[in-house]
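What follows is calculated from the coordinates using simple rules that are stated; it is not laboratory data. The model shown is predicted, which means the values in this text are computed figures rather than measured ones. Don't worry about glycine lacking a Cβ; one is built from the backbone with ideal geometry, like all the others, and counts go over all protein chains shown.
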Amino acid sequence: MKAAYLALPALVLMFAGCTYKYDTDYPMGLPEDTESCPEDPPEMCTQDYRPVFGYAEEGGILGEFGNACSACAQEGVMYTSPKKEALPAPAAAPEAATE
């Protein structure tokens, strides 16, 4: 019984961490690099990781997906655009030793 009391909060925290709400209002329209989903949604997708955002027909963000295929397989997703991540700044070059 004690295990159930410990497992329940852990499960609640785990599932709470999996949910994330995006601002679905996209007043400026879709990004430039947006691609349309095919009319027939895919039945199977590869498991490659190329993160994208999925958009509804009116332009609202429906979520973040692992790749465009998995986004288009979800009901309501009409467009995808690649998720752009900031690249880390390059490391500073070591200073030359002066004698």
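Close amide-amide hydrogen proximity is noted between Y79 and C37, Y55, each under 5 Å apart and 5 or more residues distant or on a separate chain (H modeled in the peptide plane; Pro and chain starts excluded). When peptides 33-42, 59-68, 75-84 are ranked by their average number of other Cβ atoms within 10 Å per residue, the highest-first order is 59-68, 75-84, 33-42. Across the range 58-73, computed HN-Hα scalar couplings (Karplus, 6.51 cos²θ - 1.76 cosθ + 1.60, θ = phi - 60°) run 7, x, x, 6, 9, x, 10, 10, x, 7, 5, 5, 5, 5, 5, 6 Hz from first to last residue, x flagging Gly and Pro. Using 0.36 nm per residue and subtracting the Cα-Cα separation, the extra length available between D33 and D48 on full extension is 3.4 nm.
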